[in-house]
Amino acid sequence: MIPTLGHILCVDDEEDILQVAKLSLEAVGGFQVSLCRGSGEAVARAESLRPDLILLDVMMPEMDGPATLLKLRENPVTSPVPVAFMTAKAQPAEIRRYLGLGAIGVISKPFDPMTLSAEIRALWEKQREAP
C-alpha cells in the first residue's frame, strides 16, 4: 500500500513563514500541519510527531537545514521521512547539493501560498514513483 500524504512538519525560524505555510497547507491543501520553530525543536519532536513529510528551511541560526536533515537521518524513526527544503537561495548548484543530501525537492522562498500545496504534492508523487 502506498502511503498517503496527510501530515506535514514545517520547520522554520521565522514565525511569519510558519504561519503562512500552515494556513496555506491546511486551508488550500487539506493537510494536517505541525510547526517547529527551529532545527533543535524539529530534531527533538519529529519522532513523536511522525510526519509524512518534513518541509525544512535551509537557513536557520542554531543548525542549518542540511545539518538538521543529517541529524534526522541518524534516527531510525525519522530517517525514512521525506524532506523538502525551503530556501531563498534556490540556485542550480544549491539545489543539486540538497538533492544529493537526500531531499526530495526544493521550494523557493518566497513561496506562493496558493500553489504551495500543489508543489508539495508534486514532490511527494515524484518521489513515490521513483524506484
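The values are calculated or read from the model by the stated rules, or taken from the named source; none is laboratory data. What you see is a predicted model; the values in this text were computed from it and never measured. Reconstructed Cβ throughout: ideal geometry from the backbone, glycine too, with neighbour counts over all protein chains shown. Just the protein is used for accessible areas: all its heavy atoms, side chains included, with ligands, DNA and RNA removed. Shrake-Rupley method; radii C 1.70, N 1.55, O 1.52, S 1.80 Å.
For this structure, a couple of remarks:
- Candidates in region 89-106 are the residues that are of a type in the set (Lys, Arg) and assigned to a helix (DSSP H, G or I); of these, the one that is farthest from GLY65 (Cα to Cα) is ARG96.
- Options ARG96, ARG121; residue that is under 24 Å from THR4 (Cα atoms), open to solvent by 10 Å² or more (accessible area, probe 1.4 Å) and of a type outside the set (Gly, Ala, Ser): ARG121
- Cβ-Cβ distances below 8 Å connect the following pairs, each with a first residue in region 83-104 that is on the phi > 0 side of the Ramachandran plot, a second residue that is open to solvent by 10 Å² or more (accessible area, probe 1.4 Å) and assigned to a helix (DSSP H, G or I), and a separation of six or more residues or different chains: GLY102/ARG73.
- Single residue of region 107-118 satisfying the filter (farther than 15 Å from ASP57 by Cβ and assigned to a helix (DSSP H, G or I)) that is most open to solvent (accessible area, probe 1.4 Å): ALA118
- Inter-residue pairs, beta-carbon under 8 Å, first at positive phi and in region 37-50, second open to solvent by 80 Å² or more (accessible area, probe 1.4 Å), 6+ apart: GLY38/PRO61; GLY38/GLU62
- Residue within region 12-19 that is at pLDDT 95 or above, closer than 24 Å to PRO113 by Cβ and touching a helix residue (DSSP H, G or I) at 6+ places or on another chain (Cβ under 9 Å) present: yes
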